[in-house]
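Accompanying notes for the structure given below.
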Amino acid sequence: MSAPFLEVIDVFKSYFLNGKRIDVLRGVSVQIQQGELVSLIGASGSGKSTFLHVAGTLDAPAAGQMKFKGQSVFDMNDAQVAEFRNTKIGFVFQSHFLLPEFTAAENVAMPALVHREDRKAVLVRARELLERVGLGHRADHRPGELSGGESQRVALARALIMKPDLLLADEPTGNLDPSTGEGIHNLLREVNKDLGITAIVVTHNEVLAKSLPRRLRLKDGQVVDADTSGA
Ligand SMILES: Nc1ncnc2c1ncn2[C@@H]1O[C@H](COP(=O)(O)OP(=O)(O)O)[C@@H](O)[C@H]1O
Ligand SMILES: [Mg+2]
């Protein structure tokens, strides 16, 4: 049998604030299979962002392991982890973090340009991705000329430019009105289905969470399957 796509094993993470320890992740274990589309819900402050940062290798856990297709991620050296993150994982955050002085196409292209890929080819791919998210007509606009929903679509296209295997989204519609958010949710579903990208979406939106094939919940420092655990 082949190894699971993503395996998080007994992960612990604490923060220290004013001399006090906050134990956020307390032995999180979860497996995600290739092609899954999973929501992660939980109360504010329950550790959803912390979990996503650890799963995305933006932050190291105090203890525990993470395996990506059987390969142990935290055994890699810093350069290997950075390469892994840049090429295998796409991130979308609540804020779009677009660079104001660049066009939408240039913003989408940025991760690949930083990765020293051919500029012309990358910009062609960036435009294709903008088409994919319904923003072909905004490719030459700067972020200041885009709405919140459009900016988030650009951020999603940017997350896809490196052709990641895993998409991690942290409340991507948290700053949007419900109907605009709905459009982003539909796009996430399409990206999962059409491009075959495995995705974990942190959300406060119970309607979205319920509409995705699998729902995880962060509670008491652990991740549980919300639909089978009754959590
Ligand atoms: N850098 C940090 N330093 C100290 N405490 C933090 C830090 N980041 C998060 N926390 C705390 O850890 C807990 C979990 O935070 P977070 O993962 O952001 O939760 P969520 O995303 O579910 O709202 C919260 O109590 C938060 O205040
Ligand atoms: Mg959060």
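The values are calculated or read from the model by the stated rules, or taken from the named source; none is laboratory data. Given the structure is predicted, the values throughout are model-derived calculations rather than measurements. Cβ atoms come from the backbone with ideal geometry, glycine included; neighbour counts cover every protein chain shown. What goes into the accessible areas is simple: the full protein's heavy atoms, side chains included, and nothing from ligands, DNA or RNA. Shrake-Rupley method; radii C 1.70, N 1.55, O 1.52, S 1.80 Å.
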**Prompt:** When Lys69 is evaluated against the numbered criteria (1) open to solvent by 80 Å² or more (accessible area, probe 1.4 Å); (2) within 16 Å of ligand 1 (Cβ to nearest atom); (3) modelled with pLDDT under 95, which criterion, by number, is the only one it fails?
**Reply:** (2)
**Request:** Of all residues in region 201-224, count the ones that are over 16 Å from the mean Cα position of the chain (by Cα), hydrophobic (A, V, I, L, M, F, W, C) and either over 21 Å from Pro61 (Cβ atoms) or away from ligand 2 (no atom under 15 Å from the Cβ) (or both).
**Result:** 2
**Prompt:** Considering region 59-71 alone, what residues qualify as being closer than 19 Å to Pro4 by Cβ and either part of a helix (DSSP H, G or I) or in contact with a helix residue (DSSP H, G or I) (Cβ under 6 Å, 6 or more places away or on another chain) (or both)?
**Reply:** Pro61, Met66
**Request:** Output the helices (runs of 4 or more DSSP H) that fall wholly within region 163-231 and possess 1 or more residues being open to solvent by 40 Å² or more (accessible area, probe 1.4 Å) and in contact (Cβ under 8 Å) with a residue 60 or more places away in the chain, or say none.
**Result:** 178-194, 206-211
**region 20-52, residues that are polar (S, T, N, Q) and within 14 Å of ligand 2 (Cβ to nearest atom)** = Ser39, Ser44, Ser46, Ser49, Thr50
**Request:** Starting from region 34-51, take each residue that is of a type in the set (Phe, Trp, Tyr) and list its partners that are open to solvent by 10 Å² or more (accessible area, probe 1.4 Å), counting only C-beta distances under 7 angstrom and pairs at least six apart or across chains.
**Result:** Phe51/Val223
**Request:** Scan region 36-58 and give yes if some residue there is near ligand 1 (Cβ under 8 Å from one of its atoms), assigned to a loop (DSSP other than H, G, I, E, B) and either open to solvent by 80 Å² or more (accessible area, probe 1.4 Å) or within 22 Å of Ser72 (Cβ to Cβ) (or both), otherwise no.
**Result:** yes
**Prompt:** Pick from region 72-85 the residues that are free of Cβ contacts under 8 Å to residues at least 24 places away in the same chain and closer than 19 Å to Ala3 by Cβ: which of them is surrounded by the most Cβ atoms within 10 Å (Cβ to Cβ)?
**Reply:** Val73
